[in-house]
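**Q** So that we are looking at the same thing, I have put the structure below in structure tokens.
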Amino acid sequence: MAASVRDNKDRSRFELDVGSELAFANYRLTPSAVIITHTETPRALRGRGIASELVKGALGLIRRDGRKVIAGCGFVVDYLDKHPEDADLVA
């Protein structure tokens with residue numbers, strides 16, 4: 001599922017389509033990092049790992065662009081704590 005995460009630069013958010021629903025993670029850019037400020041998963045989809053797939057995909061895009069990430073929301077903080085393989089991305 002992570003492969004379908006896209007960067008909607010116009011809205012400053014990463015997006016993941018799940019059926020007819022949309023999960024997203026808002027961000028702000030700094031010169032070298034992406035601050036993920038909020039993640040949102042539709043209520044009907046919560047508890048299915050959708051937000052984790054969204055963050056995983058977002059981190060892949062951030063890595064590809066040679067940037068670092070700053071966790072600006074609790075979900076991303078928790079995700080990074082549980083995934084030490086992405087520690088090199090943390091600004």
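The values are calculated or read from the model by the stated rules, or taken from the named source; none is laboratory data. Predicted, not measured: the structure shown is a model, and the values here were computed from it. Note: ideal-geometry Cβ built from the backbone for every residue, glycine included; neighbour counts use all protein chains shown. Surface areas here come from the heavy atoms of the whole protein model, side chains and all, with no ligands, DNA or RNA. Shrake-Rupley method; radii C 1.70, N 1.55, O 1.52, S 1.80 Å.
**Q** Cβ contacts < 7 Å: first residue farther than 11 Å from L59 by Cβ, restricted to region 76-91; second residue open to solvent by 80 Å² or more (accessible area, probe 1.4 Å), any location; separation 6+ or different chain. Result?
**A** A91/K68
**Q** Ok, one more. Of the conditions (1) at pLDDT 95 or above; (2) within 12 Å of L89 (Cα to Cα); (3) out of contact with any Phe, Trp or Tyr (no Cβ under 9 Å at 6 or more places or on another chain), F75 satisfies every one except a single condition; which number is it?
**A** (2)
**Q** Follow-up. When only residues in region 1-16 that are modelled with pLDDT of 95 or more and more than 18 Å from V76 (Cα to Cα) count, which is surrounded by the fewest Cβ atoms within 10 Å (Cβ to Cβ)?
**A** D10
**Q** Kindly provide the set of residues from region 53-84 that are of a type outside the set (A, V, I, L, M, F, W, C) and surrounded by 14 or more Cβ atoms within 10 Å (Cβ to Cβ), ordered by number.
**A** Selection gives E53, K56, G57, G60, R63, R67, K68, G72, D78, Y79, H83.
**Q** Let me ask something else about it. Identify, by number, the condition in (1) of a type outside the set (S, T, Y); (2) surrounded by 15 or more Cβ atoms within 10 Å (Cβ to Cβ); (3) assigned to a helix (DSSP H, G or I) that F24 doesn't meet.
**A** The single condition F24 does not satisfy is (3).
**Q** Filter region 27-52 for residues that are assigned to a strand (DSSP E or B) and open to solvent by less than 40 Å² (accessible area, probe 1.4 Å); which is farthest from G74 (Cα to Cα)?
**A** At the first step, the residues of region 27-52 found to be assigned to a strand (DSSP E or B) are 27-29, 33-40.
So of that shortlist, the ones also open to solvent by less than 40 Å² (accessible area, probe 1.4 Å) come out as 27, 33-36, 39.
Working: Y27: 14, A33: 18, V34: 15, I35: 12, I36: 10, T39: 9 Å.
Among those that are assigned to a strand (DSSP E or B) and open to solvent by less than 40 Å² (accessible area, probe 1.4 Å), it is A33.
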